[in-house]
Amino acid sequence: MNEKKDNIILRPTGITAIAGLMVAMGVGSSALAVDAAAKASAKRTRYLLLDSRIVANTENAKLTVGTVTKHPGNPLFGEDKPWEKRFDNLYANVIHDHEDKLYKCWYSPFIVDYLSKGMTPAQRNSTPYRPPRNREMAVGYAVSRDGLKWEKPELNLVEFEGSKANNLVLRGPHGTGVFKDQEDPDPARRYKMIHASERLHASEALRFSGDGVHWSEPLPCPGIESKGDAHNNLLWAPELDRYVGFVRLRDGSQRLVGRTESADLKQWAKAVEVLRCDAQNQAYSMPVFRYADIYLGLVAVFRTREDRVHTELAWSPDTITWHRIQPGTPFIGNAPTEGDYDWGCVYAADAPVVLDDEIRIYYSGSNGKHTSWRDGFLCLATLRPDGWAGYEPADLAQPATILTKRVVPNGATVRLTADVAPGGSVRVSVEGDPTNTLAACVPVTNSVTDAPVTWQAGKRIGASPVALRFELTKAELYSFRVADTEEKERLQETRESKRNRNGDAASLLPSRSWVDLRDAMCAPNPTASPADLAIPSCQY
């Protein structure tokens, strides 16, 4: 039975699960979980089809990961400074800072290590790589006006081999994750960093900064109980009203993704496992970010037998329960030719930068195997808006159909985002509506982003919750909305009245971004009945 509370439909089974997990983590009671679900059940503005909670039924349809395009200017930068001995996995964190009109990148090179540069392929194959005992990681800082051409400014902060003429902001932290928190009232804590402490693989710690360059002393986080020997990740979860971190855990020799959380950045829950792959394909790390009212994870999958790494896609409604999309299928794959800049390893950066016409996914690429000699680089892959994953026909000779659960309209127009091949189409009908049928729909015959759907009779969607049926012919459907205003226009209207954690968006969005990743807590629909809300905005 569902319980109605303040016009929000709560699902006891899911709520109990979250409450139990939080109690087990030592961070709160069931009241916290109920409050989190109530916030999460606010009206959604956009639905990604990869979110299985909104799909009621499919026929001849399969969900596939989206197609990224590696930038022709790759690699963007490499190990070109004397202190950049080995990028290794790089652990990049890239944002677009709207306030400074600047792309910023924090990355983690080894500054004490053996050099791969100058070694021939024969030397690399004949000499095993073994890291030195005094191996040391640091945090470097780079900036760019366009996100493509990068500079490594001379900061004069950290000494390396007798000189401070370098772009290092810290020595010692391992696996650093950085994000910009616009809502912290203390400007000295605007930037937040999570990392393994100065003693390699020791424990997690936090640092704060007002400018992203000058950092505080570390604040130990012993409650997490993770060594943090991978890319650590920190973000704000509005449904839970707290910070959530993702760290490395192990089960024997198998690497796992762990999750921790804190309301005050002082008391942290013990990290618990939220995702694992298998012994031959291990979840090395998973940067997580918020996108369209859900959470996406870019899983670095370590293929232990090959000693190589690619990146896959996962999603979660709440940062707790994770679903892999096409396990074993790379979202960002390796180059096919040995020695190419990302043939060996691909590790996604902390979060993407979302623009009007593309999503920029920065990543670390390397030309050698994970435990061998390799050169490392910062690289870029791009994705069409909302193109993380979509439904397409399983049998291309037949159309696919997707029936959604009922959703609460935010307007009277159905809008969709899809790729349509020549000769293909997308048509839409409203279940139970004799006017807005598939036959009456004006087919969408081109690839579109947030494009309106029309019917021959010109009838618009009413205020009651609706279920939609999509018919796809030679097309892939990524997302839909039921709203009148284009997303980017609505954002422009509300930009001055909203502040965004993580700077501008799903790491930081530039001012022209059309994606609003902080609209998760709009007011609930006061007229919706329990039957109408068959699919709350974030159903647990």
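What pairs can you find where one residue is in region 119-133 and acidic (Asp, Glu), the other is open to solvent by less than 70 Å² (accessible area, probe 1.4 Å), and their Cβ atoms are less than 6 Å apart, with a gap of 6+ or different chains? No pair meets every condition.
Residue check: is Val94 free of Cβ contacts under 8 Å to residues at least 60 places away in the same chain and touching a strand residue (DSSP E or B) at 6+ places or on another chain (Cβ under 8 Å)? Here the answer is no, as Val94 does not meet what is asked.
One line per residue, one yes/no per condition, for (1) among the charged types (D, E, K, R); (2) more than 30 Å from Ala335 (Cα to Cα):
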| residue | (1), (2) |
| --- | --- |
| His370 | no, no |
| Leu378 | no, no |
| Glu392 | yes, no |
| Ala397 | no, yes |
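Taking region 395-428 as the range and being farther than 22 Å from Val466 by Cα and under 28 Å from the mean Cα position of the chain (by Cα) as the test, the residues that pass are Asp419, Val420, Ala421.
May I ask you to verify whether Ala283 is open to solvent by less than 10 Å² (accessible area, probe 1.4 Å), in contact with a His (Cβ under 8 Å, 6 or more places away or on another chain) and under 23 Å from Asp88 (Cβ atoms)? Judged against the criteria, Ala283 is not a match.
Among the candidates Thr401, Thr473, the residue that is β-branched (Val, Ile, Thr), within 21 Å of Asn57 (Cβ to Cβ), in contact with a Pro (Cβ under 7 Å, 6 or more places away or on another chain) and in a strand (DSSP E or B) is uniquely Thr473.
Checking every residue in region 295-303 against the condition of being open to solvent by 10 Å² or more (accessible area, probe 1.4 Å) and not aromatic (Phe, Trp, Tyr) gives at least one match.
Cβ separations smaller than 7 Å between residues 6+ apart or across chains give the following pairs from region 55-70 residues that are closer than 24 Å to Arg360 by Cβ to residues that are surrounded by fewer than 16 Cβ atoms within 10 Å (Cβ to Cβ): Thr64/Gln326; Val65/Gln326; Val65/Thr329.
A count restricted to region 257-274 and to residues that are buried (at least 21 other Cβ atoms within 10 Å of the Cβ) and under 25 Å from Gln326 (Cβ atoms) stands at 4. Restricting attention to region 404-442, which residues are in contact with a Phe, Trp or Tyr (Cβ under 8 Å, 6 or more places away or on another chain) and outside any strand (DSSP E or B)? Within region 404-442, Thr435, Asn436, Thr437, Ala440, Val442 qualify. Of all residues in region 65-74, exactly one satisfies the criterion of being more than 17 Å from Leu378 (Cβ to Cβ) and surrounded by fewer than 16 Cβ atoms within 10 Å (Cβ to Cβ), namely Thr67. One residue stands out among those in region 100-133 that are among the charged types (D, E, K, R) and open to solvent by less than 70 Å² (accessible area, probe 1.4 Å): the one that is farthest from Arg190 (Cα to Cα), which is Arg124. Of all residues in region 188-203, those satisfying the criterion of being at pLDDT 95 or above and either hydroxyl-bearing (Ser, Thr, Tyr) or not in a loop (DSSP other than H, G, I, E, B) (or both) are Ala188, Arg189, Tyr191, Lys192, Met193, Ile194, His195. Restricting the first member to region 447-464 and to residues that are crowded, with 16+ Cβ neighbours inside 10 Å, and the second to residues that are in a loop (DSSP other than H, G, I, E, B) and among the acidic types (Asp, Glu), the beta-carbon pairs closer than 8 Å and six or more apart or on different chains are Thr449/Asp357; Thr449/Asp386; Asp450/Glu486.
The values are calculated or read from the model by the stated rules, or taken from the named source; none is laboratory data. Quick caveat: nothing in here was measured; it's all calculated off a predicted structure. All Cβ positions, glycine included, derive from the backbone under ideal geometry; neighbour counts span all protein chains shown. Ligands, DNA and RNA are excluded from the accessible area calculation, which covers all protein heavy atoms including side chains. Shrake-Rupley method; radii C 1.70, N 1.55, O 1.52, S 1.80 Å.
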